[in-house]
Amino acid sequence: MTALLDVKDLQRHFDGVRAVDGVSFEVQPHEVVSIIGPNGSGKTTTLNLVTGTIPAHGGTIALDGARIDHAKTVDIAEHGIARTFQNGRVFATLSVADNIEVGIHSQLHAHRPFRRLSHVFLLRWIPLLAELFVAVFGTPAARRERAEIDRVIDREVDRFESRLGPRRDDPAYTLSYANRRRTEIARALALQPKLLVLDEPTAGMNQSETAEVLAQLLELKAAGQAILLVEHKLDLVMTVSDRVIVMDGGRIIAEGDPQSVRTDPAVIEAYLGRRRETPGSDSGEEGPA
């Protein structure tokens, strides 16, 4: 099977520190792959490289066989990668619905005529004038696209109905931290991405809120959504993942199914700082949860 995401020998350094040092992995279609590791191991940097947030200093990244390692972030989104961020990023003064609509922006056609010309410096005025005309006068195609936008917003709000439904028109700055994270996930899913990249989606959530996110991730998995996940809550990782990649010091130190990774001595050492017996040994000491 051709890999959906193919990362080979990825490199990134900061002032001589190798944050990502020769990382290679794949994500297959419909697969959930999690990256775990101690703080500072290079997990978020890897996601930033895959999504074009920062440039790589070496290696290649391909999505569906097309190289994206030198592409701009907006072009990577158009290729089919959507992500959330570790510290949560929503547009505070926009409503929940408007935040979700932002996620569809790169897929619009009728509302963004001649958008390819926006990359040509001398011709940027053409799509700007065309968008102004559509906004003022409208077109049949734009009205049909508006109806599709509303359908997508409804779908993503319904995904978090009990939490976001009553707050659909509320500005994001009025939301709880957990609901801002849900809004961010809904915005990413509005793109209908080939690959959903999530950076600690349950950070700052309590046990009940984490369980809700886990249930939603399992629903996405059952629907065939490919996911690349960074998460510190190992119970969630071990439940939702098809494969787990463990990083330490910018390198991959283990990779495999959740159970084999859970009992890998290198993983136990990375998390606990020294080697300990695996679960079931005579010492009675336990490995990582």
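The values are calculated or read from the model by the stated rules, or taken from the named source; none is laboratory data. From a predicted model like this one, the values you see are computed outputs, not experimental measurements. With ideal geometry, Cβ positions are generated from the backbone for all residues, glycine too; neighbour counts draw on all protein chains shown.
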Options I76, I35, I61, I104: the member that is at pLDDT 95 or above and either under 20 Å from R187 (Cβ atoms) or within 14 Å of the chain's Cα centre (by Cα) (or both): I35
Scope segment 220-259; condition of a type outside the set (K, R), farther than 28 Å from H13 by Cβ and in contact (Cβ under 8 Å) with a residue 60 or more places away in the chain; matching residues: G224, Q225, A226, L234, V240, S241, D242
Given the structure, is R168 touching a residue at least 12 places away in the same chain (Cβ under 8 Å) and touching a helix residue (DSSP H, G or I) at 6+ places or on another chain (Cβ under 7 Å)? yes
Residue in segment 248-266 that is surrounded by the most Cβ atoms within 10 Å (Cβ to Cβ), counting only those that are under 20 Å from L236 (Cβ atoms) and of a type in the set (V, I, T): V261
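Here's the yes/no breakdown for (1) out of contact with any Gly (no Cβ under 8 Å at 6 or more places or on another chain); (2) modelled with pLDDT under 95; (3) basic (K, R); (4) surrounded by 13 or more Cβ atoms within 10 Å (Cβ to Cβ):
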| site | (1), (2), (3), (4) |
| --- | --- |
| H111 | yes, yes, no, yes |
| L122 | yes, yes, no, no |
| W125 | yes, yes, no, no |
| L132 | yes, yes, no, no |
| A147 | yes, yes, no, no |
| P171 | yes, no, no, yes |
| A178 | no, yes, no, yes |
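With the condition kept exactly as written, say whether any residue in segment 132-143 is more than 20 Å from the chain's Cα centre (by Cα) and within 30 Å of G204 (Cβ to Cβ).
First, the residues of segment 132-143 that are more than 20 Å from the chain's Cα centre (by Cα): 132-143.
Still in the list and also within 30 Å of G204 (Cβ to Cβ): none.
No, segment 132-143 contains no residue that is more than 20 Å from the chain's Cα centre (by Cα) and within 30 Å of G204 (Cβ to Cβ).
Just give me the residues in segment 233-263 being of a type outside the set (D, E) and out of contact with any helix residue (DSSP H, G or I) (no Cβ under 9 Å at 6 or more places or on another chain), in sequence order. Steps first, please.
If we filter segment 233-263 for residues that are of a type outside the set (D, E), which is where we start, we get 233-234, 236-241, 243-247, 249-254, 256, 258-263.
Scanning segment 233-263 gives R251, I252, G256, S260, T263.
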So E200, is it on the phi > 0 side of the Ramachandran plot, under 14 Å from the mean Cα position of the chain (by Cα) and either buried (at least 19 other Cβ atoms within 10 Å of the Cβ) or touching a residue at least 60 places away in the same chain (Cβ under 8 Å) (or both): yes
Here is a list: T51, T73. Which entry is closer than 27 Å to L132 by Cβ and hydroxyl-bearing (S, T, Y)? T73
Scanning segment 1-53 for residues that are of a type in the set (A, V, I, L, M) and surrounded by fewer than 16 Cβ atoms within 10 Å (Cβ to Cβ), which turns out farthest from G250 (Cα to Cα)? M1
If you go through segment 152-169 one residue at a time, do you hit one that is among the hydrophobic types (A, V, I, L, M, F, W, C), closer than 16 Å to H111 by Cα, crowded, with 18+ Cβ neighbours inside 10 Å and out of contact with any Leu (no Cβ under 8 Å at 6 or more places or on another chain)? yes
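Can you spot a residue in segment 270-279 that is among the hydrophobic types (A, V, I, L, M, F, W, C) and at pLDDT below 90?
First pass over segment 270-279, keeping only residues among the hydrophobic types (A, V, I, L, M, F, W, C): 270, 272.
So of that shortlist, the ones also at pLDDT below 90 come out as 270, 272.
So far as segment 270-279 goes, yes, one or more of its residues are among the hydrophobic types (A, V, I, L, M, F, W, C) and at pLDDT below 90.
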